[in-house]
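Below is one structure, written out as structure tokens; the observations come after it.
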Amino acid sequence: LDVAALAQSFPPDFLWGVATSAAQIEGAAFEDGKGASIWDHFCRQPGRINDASNIDVACDHYHRYREDVALMKSLGLDCYRFSFSWPRVQPLGQGAWNEPGFAFYDRLIDELLAAGLKPHATLYHWDLPQALDEGIGGWLSRDVVGRFADYAAEIARRFGDRLASIATHNEPWCTATLGYETAQFAPGHKSRAESLQVAHHLMLSHGDAIAAMRAVTKTQLGIVLNHTPSFPATPTEADRRAARIDDGLNVRWYMDPIFRGAYPQDAIDFVGADAPKVQAGDLERIRQPLDFLGVNFYTRSLFNADGTTVKGPGKRGFTDMGWEIVPEVFAQHLVRLAREYNPPPMFITENGMANADTVVDGRVPDKERIAYLSAHLQALATAMSLGADVRGYFYWSLLDNFEWNSGYVKRFGLVHVDYDTLTRLPKDSAHWYREFVAQHHATR
Ligand code: PNW
């Protein structure tokens, strides 16, 4: 691979960054007035987290953010994607604001701007205030929609002029499906009907938050969706149908209401009585003009006729999550989104791999991650040459961090974290990415 040629094939103003989320890195779970989130609570339930860990300390980013910003600056990055913790700034999810919580994000944003890094924020990366779950049933309640719009407007009013963009939700499919249907994520429910009702409330809260923020900020507004393209396990008609239905439930269930004003009819028919209750006017509220679409891409799924999945052939291997490495699907899917939806400019808001990294003589030789990264950047360049309008790329993640129900054993970082000492050590992939970005910047 000619790294310089690949880097220089991206447009000069293309942006390079890394992403994180509040619950996964901040720690300081009960400091300075922060309220509990559903993940603080979930971690305390036996059996929920594979390594029985919690997020009381996590990467201690709340206290080490200066060091983390300095790391990003040393990598020569353009931008950083982080999320606000709703219960840190509004402990109960409604009513009183927590000024020390806002002060933390104020310091973080100032530090980023001083380091020349553009801050891209996400409002909801899964850490709902626990009080809203206990008090009104969390995302199952339509009342959360208004609470979220209020929170969004407050963030936009206070920080909009210093943020390069604000995304409402991160991966609403995960919030709904993993939180309410498979019980892998907080709050750990098991009901398809609940999951689809939650998904509808998430969509509605997205639309209302966009409208509320438009009134108080001029910054770029959008949403981040996860895309795990669905393929048939074999070319039989039955397997193809199962893949098509899954596409309806994960890709089109979110893309269609946002960009076309309707839920996909085939998926609605498939879920039958589990379909969400949608009120008159809801779809108009969801379909707000957006300035950008954030796309998170990791892998694909292969479907059997009965809706179960099988492991793919893995010609390029699997990550430490067991996820098949399929960069060609990344390219193909971006081109599909561009052709079928004509979306606003896209950002790759997450892409990356977990790897069983270890420190060897003061280095982390993660050649697998370098291979993953370079293959996906090549695929991205291909997709852009075929018409996908992508403006930036955020590697997931800056740091090894709390990988939700997997705990801390899955390492996605460009930077290794020793969880005994919280020492940060840039992996070989961090040095590779720094060099790649420098080659691109040479074209500016
Ligand atoms: C995303 N799936 O999560 C999240 O946005 C990150 O917080 C997370 O750390 C990262 O990807 C790596 O997992 C996902 O099961 C979790 O399809 C699960 C799935 C997809 C994305």
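Values in this text are rule-based calculations from the coordinates and carry no lab data. Just so it is clear, the structure is predicted and the values come from calculations on it, not from any experiment. Because the Cβ atoms are built from the backbone with ideal geometry, glycine has one as well, and the counts that use them run over all protein chains shown.
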Over 19 Å [Cα-Cα, the range 220-304], rounded percent: 47
Using only helices, what value at 222 nm comes out for the chain when you add -39,500 (n - 2.57) per DSSP H run of length 4 or more and divide by the total residues, to the nearest 500 deg cm²/dmol? -12000 deg cm²/dmol
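Within the chain, what percent of beta bridges assigned by DSSP are antiparallel, to the nearest 5? Please report the intermediate quantities before stating the final value.
Details: 9 of 47 bridges.
Restricted to the chain, the bridges split so that about 20 percent are antiparallel.
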Any residue on another chain or 5+ positions along whose placed amide H is under 5 Å from the amide H of Tyr395 is listed here as Gly17, Val18, Ala19
5 angstrom amide H check on Leu293, placed H, neighbours 5+ away: Met346, Phe347
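To the nearest 20 debye, what is the magnitude of the charge dipole of the range 65-206 about its Cα centre, counting +1 on the Cβ of each Lys and Arg and -1 on the Cβ of each Asp and Glu? Could you put the intermediate results ahead of the total?
Numbers: 13 positive and 17 negative charges, 39 e Å.
So the magnitude is around 180 debye.
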Could you identify which residue out of Gly352, Gly413, Gly137 has the top mean-square fluctuation in a GNM of the chain using Cα springs shorter than 10 Å? Gly137
Cα-based equivalent ellipsoid of the range 130-204: semi-axis lengths in Å, sorted from largest, via gyration tensor: 25, 14, 10
If you build a Gaussian network model of the chain, linking Cα atoms that sit under 10 Å apart, which residue out of Glu67, Glu111, Glu368 swings the most? Glu67
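Sorted from fewest to most neighbouring beta carbons within 10 Å, what does the list Leu204, Leu290, Leu398 look like?
Details: Leu204 25, Leu290 21, Leu398 31.
Listing Leu204, Leu290, Leu398 from fewest to most nearby Cβ atoms yields Leu290, Leu204, Leu398.
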Computed over the Cα atoms, what is the radius of gyration of the chain divided by 2.2 N^0.38 Å, N being its residue count? 0.92
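Return the equivalent ellipsoid semi-axes of the range 95-152 as a descending list in whole Å, where each equals the square root of 5 times an eigenvalue of the C-alpha gyration tensor.
Working: eigenvalues 160, 31, 16 Å².
Value: 28, 13, 9 Å, ordered largest first.
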Cα centroid of the range 372-431 to Cα centroid of the range 1-33, whole Å: 8
Explain nothing, just compute: Karplus ³J(HN,Hα) = 6.51 cos²θ - 1.76 cosθ + 1.60, θ = phi - 60°, for every residue of the range 129-138 in order, whole Hz, x for Gly and Pro. x, 4, 4, 6, 5, 6, x, 10, x, x
Using the Cα centre of the chain as origin and beta-carbon charges of +1 (Lys, Arg) and -1 (Asp, Glu), tell me which of Asn355, Ala19, Pro87 is placed farthest towards the positive end of the dipole. Ala19
May I have the extent of the alpha carbons of the range 338-444 along their three principal axes, as whole Å values ordered from largest to smallest? 47, 36, 20
With eigenvalues of the C-alpha gyration tensor scaled by 5 and rooted, the range 57-163, Å: 28, 14, 12
Would you pull out the residues with amide H under 5 Å of Lys118's amide H, same chain only if 5 or more places away, H placed 1.01 Å from N? Cys79, Tyr80
Which of the DSSP-defined H helices in the chain satisfy a minimum axial length of 18 Å, computed from C-alpha atoms, and a minimum mean Kyte-Doolittle hydropathy of -1.0? 99-114, 143-159, 192-214, 327-341, 367-385
Among His189, His125, His333, rank each residue by its count of other Cβ atoms within 10 Å, from fewest to most, as a rough exposure measure. His189, His333, His125
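Report, in debye and to the nearest 20, how large the dipole of the range 8-67 comes out about its Cα centre when Lys and Arg carry +1 and Asp and Glu carry -1 on their Cβ. Don't jump to the answer; show the numbers that get you there.
Working: 5 positive and 9 negative charges, 29 e Å.
It comes to approximately 140 debye.
Can you pick out the pairs among Lys367/Lys410; Lys73/Lys367; Lys190/Lys277; Lys118/Lys427; Lys34/Lys190 whose Cα atoms lie more than 21 Å from each other?
Details: Lys367/Lys410 16 Å; Lys73/Lys367 23 Å; Lys190/Lys277 18 Å; Lys118/Lys427 23 Å; Lys34/Lys190 29 Å.
Going by Cα-Cα distance, Lys73/Lys367; Lys118/Lys427; Lys34/Lys190 fall outside the 21 Å limit.
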Roughly how far apart, in whole Å, are the Cα centres of the range 38-73 and the range 92-139? 15
Where the only charges are on Cβ atoms (+1 Lys, Arg; -1 Asp, Glu), what is the dipole of the range 400-444 about its Cα centre, to the nearest 20 debye? 200
Two-decimal ratio, the range 282-385, of alpha-carbon radius of gyration to 2.2 N^0.38 Å: 1.31
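What number in nm² do you get for the range 93-244 if you take the convex hull of its Cα atoms and divide its surface by four? Show your work: numbers first, answer last.
Numbers: hull surface 44.4 nm².
Averaging across all directions leaves 11.1 nm² for the Cα convex hull.
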GNM on the chain, C-alpha springs below 10 Å: top fluctuator among Asn98, Asn250, Asn351? Asn98
